[in-house]
1. Once you keep just the Cα pairs under 8 angstrom separated by 6 or more residues, what percentage relative contact order results for the stretch 190-272?
2. Using a ≥ b ≥ c from the Cα gyration tensor of the chain (square roots of the eigenvalues), is it rounded, prolate or oblate, where a/c under 1.5 gives rounded and otherwise the larger of a/b and b/c decides, a/b for prolate?
3. Evaluate the distance, in nm, between pseudo-label points positioned 7 Å from the Cα of Arg29 and of Asp165 along their respective Cα→Cβ axes.
4. Order these peptides, 227-233, 97-103, by their mean beta-carbon neighbour count within 10 angstrom, highest first.
5. So how tilted is helix 80-94 from the main axis of the chain? Cα-based, degrees 0 to 90, rounded to 10.
6. Highest mean first, how do 253-261, 154-162 rank when packing is the count of other Cβ atoms within 10 Å averaged over residues?
7. Points 7 angstrom from Cα along the Cβ direction at Met249 and Val98: gap in nanometres?
8. Among the listed pairs Lys88/Lys168; Lys88/Lys229; Lys88/Lys147; Lys192/Lys229; Lys8/Lys168, which are separated by more than 24 Å between their Cα atoms?
Amino acid sequence: MIQFVEAKGFKIPLVGLGTWTLGGRDCARLVEQAIRIGYRHIDTAQMYGNERAVGEGVRASGLRTEVTVTTKIQPLLLAPRDVERSVKESLAQLRLDVIDLLLIHWPNPRVPLAETLSAMAKMKREGYARAIGVSNFTVALLEEASKASSEPLVCNQVECHPYLDQDKVIAACRKHGMAMVAYSPIARGQAKGDELLARIGQAHKKTAAQVCLRWLTQQGIAVIPRTAKIERLEENLAIFDFDLSDTEMKEIAGLARRGGRIVDWTYSPKWD
Ligand SMILES: NC(=O)c1ccc[n+]([C@@H]2O[C@H](COP(=O)([O-])OP(=O)(O)OC[C@H]3O[C@@H](n4cnc5c(N)ncnc54)[C@H](OP(=O)(O)O)[C@@H]3O)[C@@H](O)[C@H]2O)c1
C-alpha cells in the first residue's frame, strides 16, 4: 500500500514515477504498468515532451481517478497569457479531465511571480487543475510565493538525495505547510553503487537504491524515481516494509557533500 504526505488537504503519494527522458509507446507502457502494480503518482512536464504518452498510459491503466498526475509549466511560459494557453495545451496533450498537480517548473525572474501565481490560481478555480505548487524554489522564493498566492501551494519539487544537504529548503517547506517532493532521489543512479547504502541495505535485505528512497520517505519527503526498466518499478516501490534506525538515518545524512548537486537550478538566460 502506497503511503501519502498531506499538504493543505491535498494528498501526494510518497512514491511516484519520474518520466523525464521517457517517451512514445515505451513511456505509455511503463506508466500503465507502474499504475497496475501500485504507483499512484506520475510526474511529467511540458519540457519533457511526453505528456501525450503519459496520458495514454494513465488512461490505459483504467485507474485514472486513483492517480495523481503532475505536470509543470515551462519557465518561458510563465506570463499569465502563456500560462492559460499552455495549461490548456498540456491538458489536450494528456487527454485527461484535469491536471491533478500543476507546478511552475523553474522560477523565471523576468516574469513577476505574483502574476504567474494568479494565472495558475485562475486555472485551478476554473477546474483545469486540482492543486498548484512550485519546483526549484529557494527559501526566499518560497517565502515570496506563499505571500503572493491566493490559492494554497501544496509542494516544492526540488533535487533531494543523500549527497545534497537540503535541510534549509525542507524547513522552509514545513514552515509554509508545503510537501517536499524529491526529484533525482537516487542521484540519477549514483546511489546504486554507494557502499554505505549497500551495507545498510544488506541488513534489511534491500538494495542501495531502496535504502536511499526509504531515507527520504521516512522523513515524509515524496520521491519520484525514474526508471525505463519495468523490473525496477517494483524495486522502487517496495520500500514501506522496513524502517531505518536513527543511527542509519544519521549515517546516510552524513553522505552530504559540497558539489553534491546534480541539476543546476539557477536562472538561465537561455529562457529569455
Ligand atoms: N522539477 C525539475 O526540475 C526536475 C528535474 C529533474 C528531474 N525531475 C523529475 O524527477 C524524476 C527523477 O529524477 P531523475 O530522472 O533526474 O533521476 P533519478 O530518478 O534519481 O535516477 C534515474 C536513474 O536511476 C536509474 N535507476 C532507477 N531506479 C534504479 C534502481 N532501483 N537501481 C539502480 N538504478 C536505478 C535509472 O536507470 P534505468 O532507467 O536504467 O533504471 C536512471 O538512470 C525525473 O524523471 C523527472 O520526472 C524534475
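The values are calculated or read from the model by the stated rules, or taken from the named source; none is laboratory data. Quantities reported herein were computed from a predicted structural model and do not represent experimental measurements. Positions of Cβ are generated from backbone atoms using ideal geometry, with glycine treated the same way; all protein chains shown enter the neighbour counts. Only protein heavy atoms, including side chains, enter the accessible area calculation; ligands, DNA and RNA are left aside. Shrake-Rupley method; radii C 1.70, N 1.55, O 1.52, S 1.80 Å.
1. Reported relative contact order: 24 percent.
2. Verdict is oblate for the chain.
3. Using points 7 Å along Cα→Cβ, the separation is 4.5 nm.
4. 97-103, 227-233
5. 60 degrees
6. In decreasing order of mean packing, 253-261, 154-162 become 154-162, 253-261.
7. Using points 7 Å along Cα→Cβ, the separation is 3.4 nm.
8. Lys88/Lys168; Lys88/Lys229; Lys88/Lys147
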